[in-house]
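Working notes, beginning with the structure itself.
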Amino acid sequence: MKTGMRLIVGIAISSLLATCGPEYSSVQQSTLIIPTSIPTEVDYPTLVIVPAPSPAYPRPYTSDFPLRWLDGIPCTPPCWEGITPGITDAETAIRQLYAIPIINTSTITTYNVRNTTDMVIGWEWVMTDSEHDAGYGSMYYDGADLLQRITNVRPLYESDDTIALGALIARYGEPAWIKAHAFQVHGPEVLYSLAVIYQTYGLQIEQGGLAREPITIDDAVTFNEITFYPVPFTAPITDPKNGIWKPWEGMKDFGYYCDGVDPTLCPPSAYK
């Protein structure tokens, strides 16, 4: 009887092992993989910037960079180099600056405009020649804005990095507004300045200097100061400190658009 019971138990155990055998065997054959290194977190720059040493001109300023925004590279206005005024916050904007090849990252700074809530983020360009000044750039945000959204971007380049009005019109159509300003600073000499606004794209484009003669308004007239604003774009038009903006009515002469702050300073117009 005992022999019979042993036989029954033996058969039962053999049957159980046979049933569980494949699964048990597969577990034994598995391999535990242990990573050889642990990834580290990336430290992004914040608004508290600690200047870091920058290699001497590692990523030089190139002539094609200043106007690549005209072709929508890497984004279309009002976006500039991945920074969109009215949308991008200040911290994200600084991260973008660190990714721009021709910015000297050791020059990126932030500071407050005295007696205002305006905050400025500034930078300088990397140059191939230490004696050659490529200019600098800046962007603003309101320190009182909890989201710290960028309010405008103003990249300033070399004086000869200009864009013709004809090229602007070919890409974005005719501007919405124009300011032809005649004024005196010291003494009797009259100076002239010209600017246009592309309201749909948040662009204000100006000549970088003052002219001693009335400026000819045609396809060849050039500009070299560009500011990107949020859209809808109304601030410079409604702010009297910026002079008098007039609706664009096509290629007219300077006298036709002259702002008339002092009408006697404006040249005569063939269109009036």
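The values are calculated or read from the model by the stated rules, or taken from the named source; none is laboratory data. Every value quoted in this text rests on a predicted model; they were computed, and no experiment measured them. A quick note on method: Cβ atoms are made from the backbone with ideal geometry, for glycine too, and the neighbour counts reach across all protein chains shown.
Quick notes on this structure:
- Residues satisfying the criterion are absent from segment 187-201 (criterion: of a type in the set (S, T, N, Q), within 20 Å of the chain's Cα centre (by Cα) and closer than 22 Å to Ala93 by Cβ).
- Filtering Glu189, Glu174, Glu225 for residues that are surrounded by fewer than 16 Cβ atoms within 10 Å (Cβ to Cβ) and closer than 24 Å to Pro85 by Cβ leaves a single hit, Glu174.
- When segment 104-117 is limited to residues that are more than 12 Å from Ser138 (Cα to Cα) and surrounded by 14 or more Cβ atoms within 10 Å (Cβ to Cβ), the one that is farthest from the chain's Cα centre (by Cα) turns out to be Ser106.
- Pair list, Cβ under 9 Å, 6 or more apart: segment 204-230 residue on the phi > 0 side of the Ramachandran plot and assigned to a loop (DSSP other than H, G, I, E, B), other residue surrounded by fewer than 19 Cβ atoms within 10 Å (Cβ to Cβ) and of a type in the set (Lys, Arg): none
- When Ile197 is tested against (1) surrounded by 15 or more Cβ atoms within 10 Å (Cβ to Cβ); (2) not in a strand (DSSP E or B); (3) not aromatic (Phe, Trp, Tyr), only condition (2) is not met.
- Enumeration of residues in segment 124-164 that are at pLDDT 90 or above, in a loop (DSSP other than H, G, I, E, B) and under 18 Å from the mean Cα position of the chain (by Cα): Leu147, Gln148
- Single residue of segment 90-103 satisfying the filter (outside any loop (DSSP other than H, G, I, E, B) and within 16 Å of Pro66 (Cβ to Cβ)) that is farthest from the chain's Cα centre (by Cα): Ile103
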